[in-house]
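Please treat every number below as a calculation from the coordinates, not as lab data. On a predicted model such as this, the values are computed, not experimentally measured, just so you know.
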Amino acid sequence: MERTQIYLTDKEKQAVRSIARRLGTTQSAVIRTAVDRFIERAGAGNKLDLLRSGRGLWRDRQDLSLDRAAGPLQQTALSDDRRSCDSESS
């Protein structure tokens with residue numbers, strides 16, 4: 001662990017002190033926990049950004065066929081839809 005100095009407003013300092021007292025821990029531990037949680041959340045956002053940046057990456061691939069992969073599912077769905085429409089019109 002490495003020592004680091006930070007600047008806090010009076011309001012932030014009072015809140016950290018109050019939380020530390022209530023939890024029976026040190027102000028440093030409260031700050032480390034807050035930083036860890038922030039890093040976890042920021043990391044999750046980065047993963048989402050990475051996923052979004054890959055959207056459409058394979059759109060021009062000719063060797064992948066959605067029709068082939070979804071064919072049986074689409075056939076079943078179309079059959080179900082037709083049966084549903086037939087029963088509604090009767």
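Some notes on this structure:
- Cα-Cα separations in region 1-55 greater than 17 Å, expressed as whole percent: 52 percent
- Each residue of region 29-42 was assigned a 3J(HN,Hα) from its phi angle through the Karplus expression (A = 6.51, B = -1.76, C = 1.60, θ = phi - 60°), giving 5, 4, 5, 4, 4, 4, 5, 4, 5, 5, 4, 4, 5, 5 Hz with x at Gly and Pro.
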